[in-house]
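The values are calculated or read from the model by the stated rules, or taken from the named source; none is laboratory data. None of the values given here were measured: they were computed from a predicted structure. Note that we place each Cβ from the backbone using ideal geometry, even for glycine, and neighbour counts take in every protein chain shown. The protein model used for the area step is the full one, side chains on, heavy atoms only, and it has no ligands, DNA or RNA in it. Shrake-Rupley method; radii C 1.70, N 1.55, O 1.52, S 1.80 Å.
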Amino acid sequence: MSAIAARRAAALLASQNASPSSSALSTPVKAQSPILESEVDLEESESESSTSSATPPPSPPKSTSKRRKLHRSSQSGAYDDAPQRALEYNHPITVPISKRTRRFSPSAPASILEPESESDSSVGNIDADIAEDEDDDAINEVEEGKAQWTLPTTSVQSMPGPSRAKSKSGPQDHTSNTSIFSPVEGVNMYRVSESDLRIAGLDNDYAGDGIILSLSEDETMLIAGTYILTPLAGIITISSCKLSADGTSYPVFAPTSHPIPVIEPYHTSTKRPSAPFLNALKLPVGFRKNGSMIMIRENQCGIDGLRYGAVPGFANIWLEEVGSWGLRGIHPIIGSISTPIYPHIAPPTWSQALSSLPSTASPDEYGDVQEPYVGLVKGPKRSGKSTFARALTNNLLERYERVAWLECDLGQGEFSPGGVVGLWVLEKQVIGPPFTHPLNPYRAHYLGTYTPLTCPDQYIASLRHLMEIYKFDVQHSSDFLQSKTGKLSDTIPLVINTQGWIKGLGEELLKSIENICQPNYTYFFNSPFEEEKEIKEIVKVGGGWTNSPTFEFSNLPNDNDNFLFNSNKQIKLNSINSTALQLKYSSTDFRILSIISYFHISSFFNENENEKIKKIKWNFNKPLINFNPWEIEFGLNKIIKKIYIIGESSEGILKEDLNLSLNGSIVGLIEILNNNSFDEQEQEQEKEKNEKIFENENELKSLNSINFLGLGLIRFIETTTKTNENENQIKGKLHLITPLSNNLLLKCNGLIKNGSIELPTPALLNWFGSKAGFEINKNEFNFNFNEFEQNQNQIQNQIENVPFFDFSGIQVIGGERRKFRKNLMRKGM
Amino acid sequence: MKAPKRTPWASRSELEELYEMLFAPNADDTSRRRGLARMSIYISSPSCPTFIHLLHSLISVELLPYPPKSIEENQRSRMMIGMAIVRFINGLVDPLQNGPYARPISHLAATLSIPPSLISLRHRATHEDLPPLPLLHQSLLSCISYLHYYSFLPLISSSSSSNNIPSGIAEKLESDKRKIEGLTKKWKKITKSRLREKEVREEDQSAIELRKIKKLLQGFESGLIVDVLLSKGGIVPLAIEKRANFTSISPTIPSLKIWLPLLEHLQESSHPDFINQITSKILDILLNPESHVTDLNADAHDNEKVKEDIRTFRWELAVWLLHFWNTENNSTMTLQNDQKVDFIKRILRALLELHDDIVVRQLFKALQTFESSLKELGNLLPDINNQKEIEEVGLKGLEVDMEENLIDLRKMEVRLKQFDQILASRNSKIKTNQDNDRILHNTSSVHQLPQSDDNSPPGWRKLSDDIWKPCYIGCNGIIS
């Protein structure tokens, strides 16, 4: 029986024998490529934004590299004991744990191999896709191979294969996809208005009306949307971290594109904390005050403006404007709702790991004072690294006043839209996906690409530099304010978030990172690959930090291999269960979301402002092309003194083409610090260098003198060079769109551009044309209908002249973007 | 609307500048280096087409000194050219590897019309010894010209919407066009005289001439030939009387006799797509009456005669279309089914606006006799104000028209009222939310600009609404 036919037979067999409830998964869980990178299907994006109902979007005409991920997750989806289920029925579903059938994920095609599959090529942003697909390669091959040899013995009750070992961790804590809470007005639910809160003395931190809930011990609460959570009494856990009621409010973001955090009361034997203003709130008499009380308030930050269509595919993630409790943006999941919701379920190994964090700085068993905490999280893609790292940071913030975060992941930054390695210092827990909590870095370097493949040396050098800055400036810092909350403030622990790329060059980089950072706690996720080979021994190579799955010893000799640090603790974690969300949204989609929402930020908090009012607001009321830009000049004695162009083929760019190169591009705004050196020769060189405005040599710049502030978009540039002036004198002016606040802009005096990061197509267009966009437009700017229509016609007529677009539709040979072929596809392989 | 494609260049003219630098008749090493620098900008972008990447590496290799100055140089050049050619072929062929298993490169390359010699060269350079330098250099040049012809040129010279064709190309196009015009005139003359004298010998001087014309025309671009044939002095007779009657559905026999042999020849020999192109262009002309009128340089509003000229001209084109529509399926001169479907769609779409254009209506009527599926659709079309050739419609018909129009208007008014109501109710809802927002918006958000920016950093000027208006990224929005 040929391999393909055998596989098909198995799939059919499996699907026939699948339990009836699993077939329900097939409807909402469809692979979608919400953003077609090579073509903009304007009609599709319009229909996306105009449906305000929370129905799952229709399946797309083509799925590109999704197919590959489908295949992989189809295998991993099968081992779910407690599969993530969409809420289709009106009763809570109890999941049958007993039947361990080898099922393919219902969203995978019945026949795995299809002639027209583009699964083995990566499309679009080459850098990004290389970083993404690197891992899937071998895993796919292995799984295909596995499928072949397990086929003859496949039966309905077959035991899961080695990669199913994850299920051995046992049943999960929650199987419920809805809140376990029955709201009763006046008993466990009480509405408060904004004015009530102001009377009670609550800081006016721009929250709106709210509702107070009281959760008893076994109750849980799932709320989708965006809200501000204030624990009032007791301690609650959310997203694997504990929040106690001390009056602090936490913005929580729970879009349907990510697993929703679950709010649960935490039982503790110590004294129950309560918020200082609790008594001022005048709760009704019958209210259940002995439960864990929380207050949920509207968070009017503007991020739900995504519904107007700024990022296609993400228009419905915040559900409707007003939720079932009458509060804007707050959608409690009680009972069933029509949109598929996936609660965030952390494997038990996570909670074990998080509870074993060092709680005090007291001497350990050896009598030595404990080293400051440096934790590193590593593992393959999609294993939940960033989520765990965030949970780790949140947990550390319970004990420490501040926690530092070192970002090593260029493709998916936690606090930035990507392309940046940096050091951030956090003071408050963050709950929500990365694009909802952008922050200004403490110190960062802009590499301008989503993968270190093209610049490994600069990548490592930057990380080394940042690590030094951490060690000398941050770790034992005392120039921050003294702690008011009684938390530890003499050291600032570090959490290091690494890339998901752990094979090949990625592995080398990871080893270097570990050598540079020397973490004393390493959290690693097992790849299914490793379990497949049943590596029981952790081979101690390089201090036991990085394991090579295939080889026992690394290929190239590495001088740093001989360091063995006794204080390195290895903690193994289980990957998060894959959900249908991973099929629906790829990392490219999230990148596009991050970067577009970044530019729509309307206020980044200033550093001088009162720390309590740290709030980020977004403005999605108009497309980027309508944002009023900054105009600044560049040249010898102007604001922008240096323009760097880095990246692939940057060395070939001439300064005459600076206009063309920078027009419409995303740049990193940098601050060039003056290095006062006493060496005369160096000073001479510096001066010479300073006269050169435009630099594109790809050499390593002096990292000490450059600090990355934020991203900007050059929406127009004009150079003026007079012929009788000096050759090197380039000057001109540019129009810049950037969300940075004024005091950061004050420091900015340089730009870096790397062509690999490009503004996504939806941001270049006027999505005003969509119905929803029109509504807001009409109210904001008091257009009358006729005028608006006229405008629309004008814009429509000009649409042929949109820069960076080709409307001719001519197809030529080699006219498409590059696609990299991932495997040779030889017969018999 | 065709899906627009994202490009790394801001406008067509940028691309044309690049073309000039690389392929203009007066391009030399310096300009090619300049072009290379331009291409470096484009290839850093993720939306750069493959052929620019390939062209970049090929041209940078071509700029190596040839012949090489030393033996080392010789060896290095061979390596580099070999690598460039291998990457060139792989780059074109890899995206086509879509099946479950890899197909041989030779097969895929054949679909792209890559010369087989390049394929075998690639194989040699990858698996065997590097070929000698002269062969490599020559192949390099043919790679570059392949991309020139198949990738760059079609992108630049689209005959429909090029506003700024670089001068080199424009001239060439013009001279080509003139040559074609000359040839078609000659053809017409000779064929007519042959028909008159009932000459059928193939060895005759005239026959030889005709063969020569055929051969010469083969070398020209089909788009140009089509344009010439469909304009004045082409397949449509100059004299109005010689044109097809409004009631007939085929060109006149003399017309057919004159032109069909030429068209057949072109279709069968050098331009296998010719019939599709010419019929498509005919349809274009028919469905865009305004632009056609200006093409013919006619003042349509003044002269009755001119109007008739235009109308019969268009109808003549239409019957040619019908002729090809109606030809036997097994001959080469017929339209394919999917092409027919496409045409029907275009006609239907156009009928929404052109429902009172008698030429198009008549064409549609004729097509209805060929395709039964269109019969029902005909009833949906409103009646037109017929002209004298067609039966008169009495006043009754006009009344009905007016009535219908009024009914439609009333319907629209009702709908407009409803819409306004819905809008008003939504307004109030949104307004309260907006009000809430405004109360909380203490910090100045981006779109509420204070007149004087006290807190903007020195040198940073926020462009306010009175000096800047929204425009696409890449455009200067300053109101001058």
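Values for this structure:
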item	result
For region B:311-321, Karplus couplings with θ = phi - 60° (6.51, -1.76, 1.60), whole Hz, Gly/Pro x	5, 5, 4, 5, 5, 4, 4, 4, 5, 4, 4
Placed amide H near A:Tyr442: partners under 5 Å, 5+ positions off or other chain	A:Leu423, A:Trp424, A:Val425
Buried area at the B-A interface (accessible, heavy atoms, 1.4 Å probe, summed, Å²)	8400
For region B:74-126: span of alpha carbons on each principal axis (Å, largest first)	40, 19, 14
Of all accessible heavy-atom area on region A:189-339, the percent that carbon and sulfur account for (1.4 Å)	50
Percent of Cα-Cα distances greater than 18 Å, calculated over region B:16-70	33
Estimated FRET transfer efficiency when R0 is 45 angstrom, pair B:Glu264-A:Asn801 (beta carbons, to 0.05)	0.60
Two-site label geometry, B:Asn337 and B:Lys179: point separation in nm, points 7 Å out along Cα→Cβ	4.1
Cβ-Cβ FRET estimate between B:Val200 and B:Leu96, R0 fixed at 41 Å, reported to 0.05	0.25
Estimated vicinal HN-Hα couplings, Hz - region B:37-45 in sequence order (Karplus 6.51, -1.76, 1.60; Gly, Pro = x)	4, 4, 5, 4, 5, 5, 6, 6, 8
Estimated distance in nm for a label pair at A:Glu671 and A:Gln570, the labels positioned 7 Å out from Cα along Cα-to-Cβ	4.1
Extended-chain gain in nm, criterion 0.36 nm per residue less alpha-carbon gap, B:Asp420 and B:Ile478	17.4 nm
Whole-Å semi-axes of region A:189-339's equivalent ellipsoid (Cα gyration tensor)	26, 18, 13
13 Å beta-carbon shell around B:Lys198, net charge (K/R +1, D/E -1)	+2
Karplus-derived 3J(HN,Hα), 6.51/-1.76/1.60, for each residue of region A:453-468, Hz, glycine and proline x	3, 8, 8, x, 5, 4, 4, 5, 4, 5, 5, 4, 4, 5, 5, 5
Rg/Rg_globular for region B:1-141, with Rg_globular taken as 2.2 N^0.38 Å and Rg from C-alpha atoms	1.16
Modelled label reach - B:Met80, point 7 Å along Cα→Cβ, region A:650-673 residues with backbone N closer than 19 Å	A:650-654
Carbon/sulfur fraction of accessible area - region B:12-158, other protein chains in place, 1.4 Å, %	57
Area of A:Ile492 that stays accessible when all protein chains are in place (1.4 Å probe, Å², to 10)	0
1.4 Å probe, heavy atoms, protein only - residues of region B:42-78 losing at least 40 Å² accessible area vs chain alone	B:Ser44, B:Pro46, B:Thr50, B:His53
Label-point gap, in nm, between B:Ser70 and A:Ser355 - each point 7 angstrom along Cα→Cβ	7.2
Region B:12-158 - accessible surface per residue (Å², probe 1.4 Å)	43
